1. Quick test of your reading of the structure: residue 193 fulfils all but one of (1) part of a loop (DSSP other than H, G, I, E, B); (2) at pLDDT 95 or above; (3) out of contact with any Asp or Glu (no Cβ under 8 Å at 6 or more places or on another chain). Name the failing condition by number.
2. Considering only region 6-43, state which residues are within 22 Å of residue 182 (Cβ to Cβ), in a loop (DSSP other than H, G, I, E, B) and either at pLDDT 95 or above or of a type outside the set (Asp, Glu) (or both).
3. Being modelled with pLDDT under 75, surrounded by fewer than 14 Cβ atoms within 10 Å (Cβ to Cβ) and in a helix (DSSP H, G or I) is the filter here; which residues of region 217-230 pass it?
4. Being within 15 Å of residue 67 (Cβ to Cβ) and surrounded by fewer than 14 Cβ atoms within 10 Å (Cβ to Cβ) is the filter here; which residues of region 175-191 pass it?
5. Does residue 95 qualify as being modelled with pLDDT under 95 and either surrounded by 13 or more Cβ atoms within 10 Å (Cβ to Cβ) or under 16 Å from residue 168 (Cα atoms) (or both)?
6. Collect the residues in region 144-174 that are under 21 Å from the mean Cα position of the chain (by Cα) and loosely packed, with under 15 Cβ neighbours inside 10 Å, keeping them in residue-number order.
7. Considering (1) assigned to a loop (DSSP other than H, G, I, E, B); (2) out of contact with any helix residue (DSSP H, G or I) (no Cβ under 7 Å at 6 or more places or on another chain), say which one residue 3 fails and leave the rest.
8. Can you go through 74, 128 and tell me which one is within 17 Å of residue 177 (Cα to Cα), out of contact with any Phe, Trp or Tyr (no Cβ under 6 Å at 6 or more places or on another chain) and aromatic (Phe, Trp, Tyr)?
Amino acid sequence: MLLQFSVTNHRSIKDTAIISLKASTDKSLSDCLISPDEKKQLVPVLALYGANAAGKSNVLHALLLMREMVCGRYAKLLKGESLPQEPFAFTDQPTQPTSFEAIYFYGGIKYAYGFSFDKSKVLTEYLYHWPNGREALIFSRENNGYQFRENIQEQLTLAGRTAENRLYLSSSNEWNCPQTEKAYLWFFEKLTGFMGTEMQLDATLSAIRQGGSEKKRILHEMLYADLGIKDIRLGPTLPAFLSPNVLDYLVKNFGIAPITTPEEDLKAILG
């Protein structure tokens, strides 16, 4: 069971965002709480709420992306393939690493697993557990340097087989490493999800190109989806799918205009 998840520098999330299922001191619904280790009290359900474009979906996207990197489509990248980093874009600073961390229970044991990465490689990775109620390191990684506490020589061999763009938690389980097996199984067996709100971009653009009632419906949904978003600048060239009628509608309802110079655009937007 998930206890806590944190994400840094992913999509609209710049600074660290944390969601926690740890129960508060409120005892009014204590019968509904869960205790996976007979000590900590956790809530069985967590709800995220907030304004449109506040980043709620991106927190869930980060959690599911973490799973995909451990045991999904990004777990077996070929050497040299890019990692799926989507860093916070609205900054003048050089691109920083993205970080994920999950604290969870599996088989009554608490685990803390996390890693940081950029588009080319995994920068740090670590796994701790609490088998007897006391924190113990299973492994840690910084670039190509590893630390282990058990079965050291065999795990160093497995580490040497792990490409810089792959997670050790994933690659070690391909070789049936007992030290990391249970921590891996939580992602594989217990962490599931579905992002039903993700836009099907190809289908949407196709419907806009075809026109008719479906195009009209999509444009109205775009209008009401994020109220208050206006004065959008596009460029250096406008997308090819923007027909004159679509562009006219977007200009009137969203204030869309081609980009000019940074100074003139900022002056127009900021008044």
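1. (2) is the only condition that residue 193 fails.
2. 21, 35, 36, 39, 40
3. Taking region 217-230 as the starting set, the residues that turn out to be modelled with pLDDT under 75 are 218-230.
Filter once more, so that each one left must be surrounded by fewer than 14 Cβ atoms within 10 Å (Cβ to Cβ): 220-221, 224-230.
If the condition is that a residue be modelled with pLDDT under 75, surrounded by fewer than 14 Cβ atoms within 10 Å (Cβ to Cβ) and in a helix (DSSP H, G or I), then 220, 221, 224, 225 are the ones that fit.
4. Taking region 175-191 first, the residues within 15 Å of residue 67 (Cβ to Cβ) are 183-191.
If the condition is that a residue be within 15 Å of residue 67 (Cβ to Cβ) and surrounded by fewer than 14 Cβ atoms within 10 Å (Cβ to Cβ), then 189, 190 are the ones that fit.
5. Numbers: modelled with pLDDT under 95: yes; either surrounded by 13 or more Cβ atoms within 10 Å (Cβ to Cβ) or under 16 Å from residue 168 (Cα atoms) (or both): yes.
Judged against the criteria, residue 95 is a match.
6. Step one: of region 144-174, the residues under 21 Å from the mean Cα position of the chain (by Cα) are 164-171.
Residue satisfying the conditions is 164 alone.
7. With respect to (1) assigned to a loop (DSSP other than H, G, I, E, B); (2) out of contact with any helix residue (DSSP H, G or I) (no Cβ under 7 Å at 6 or more places or on another chain), residue 3 is out only on (1).
8. Numbers: 74 fails: within 17 Å of residue 177 (Cα to Cα).
The conditions single out 128.
The values are calculated or read from the model by the stated rules, or taken from the named source; none is laboratory data. Everything numeric here is computed off the predicted structure, so don't read it as measured data. Cβ coordinates were reconstructed from backbone atoms using ideal geometry, including for glycine residues, and neighbour counts include every protein chain displayed.
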